[in-house]
Amino acid sequence: MSSLPDTDALISAAGANDAAGVRALIAAGADTEARAALSGNTALGLACEADAVDAVRELLAAGADPNARYTWRSRMSPARCVDRVALHVTGRVDVIHMLHAAGAELDAAGATGWTALAHAVSHGDLALVDCLLALGASRALAGPLAKTHQTLEALCASELAFWRGLEAVPNPKLADRIAAQERVQARLQQS
């Protein structure tokens with residue numbers, strides 16, 4: 001059984017993409033499924049969130065569960081995301097492929113119905129949308145998300161309307177964000 005310092009160290013190493021540290025800590029008995037005390041995140045979830053590719057690879061090789069669910073809690077607000085999985089938080093196509101190869105459920109939905117594909121659409125990330133659709137992710141929405149947005153296209157349109165509503169606020173990155181959301185919207189209309 002791992003000690004608390006090993007758990008903290010493993011989670012730190014995973015978030016920092018310290019593959020050698022992750023490997024050494026696991027060899028010393030650190031639990032790949034341990035949770036961060038403050039956030040509730042798993043080492044794999046944190047590595048995915050940090051786009052720490054090498055740490056993700058080490059954790060999966062050591063048997064970390066790509067479908068482990070956790071409740072993420074913000075350290076700075078009362079915000080919580082219930083029933084998250086690593087696939088919901090990665091921003092990299094190569095990590096999606098690693099998680100999928102390790103058995104990640106492409107259509108795993110959080111408590112509010114958000115899937116990896118819904119997150120990718122919401123973030124306007126065309127590469128992730130294309131990757132998830134190519135791997136066979138379902139376009140169907142579930143849970144509360146399905147009640148507010150019946151389709152992915154409706155979710156995308158809602159996000160686009162939100163970002164366009166901010167155009168009056170001076171922000172040099174806003175045009176890029178709107179353009180990204182428009183590309184996702186066009187792709188969803190094509191497929």
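Just a yes or no: is a residue in region 123-141 in contact with an Asp or Glu (Cβ under 9 Å, 6 or more places away or on another chain) and under 14 Å from E182 (Cα atoms)?
Checked against the condition, which is being in contact with an Asp or Glu (Cβ under 9 Å, 6 or more places away or on another chain) and under 14 Å from E182 (Cα atoms), region 123-141 yields at least one hit.
Scan region 144-159 for residues that are assigned to a loop (DSSP other than H, G, I, E, B) and not β-branched (V, I, T) and jot them down.
If the condition is that a residue be assigned to a loop (DSSP other than H, G, I, E, B) and not β-branched (V, I, T), then H149, Q150 are the ones that fit.
Is there any pair linking a residue in region 168-181 that is charged (D, E, K, R) to one that is not in a helix (DSSP H, G or I), with Cβ under 8 Å and at least six apart or on different chains, and which?
From residues that are charged (D, E, K, R), the pairs are R177/G124.
Considering only residues of region 124-143 that are among the charged types (D, E, K, R) and assigned to a loop (DSSP other than H, G, I, E, B), which is farthest from S191 (Cα to Cα)?
Residue satisfying both the conditions and the ranking: D125.
Of all residues in region 96-120, which are at positive phi and modelled with pLDDT under 95?
G113
Can you work out which of the residues in region 121-156 that are acidic (D, E) and modelled with pLDDT of 90 or more is surrounded by the most Cβ atoms within 10 Å (Cβ to Cβ)?
For region 121-156, the residue satisfying everything is D125.
For region 100-114, state whether one or more residues are in a helix (DSSP H, G or I), of a type in the set (A, V, I, L, M, F, W, C) and surrounded by 16 or more Cβ atoms within 10 Å (Cβ to Cβ).
No: region 100-114 contains no residue that is in a helix (DSSP H, G or I), of a type in the set (A, V, I, L, M, F, W, C) and surrounded by 16 or more Cβ atoms within 10 Å (Cβ to Cβ).
Out of (1) surrounded by fewer than 17 Cβ atoms within 10 Å (Cβ to Cβ); (2) more than 16 Å from the chain's Cα centre (by Cα); (3) in a helix (DSSP H, G or I); (4) touching a residue at least 24 places away in the same chain (Cβ under 8 Å), the odd one out for F162 is which?
The failed condition is (4).
The values are calculated or read from the model by the stated rules, or taken from the named source; none is laboratory data. In this text the structure is predicted, and so the values were computed from the model without any measurement. Every residue, glycine as well, gets a Cβ built from its backbone with ideal geometry; the counts of neighbours run over all protein chains shown.
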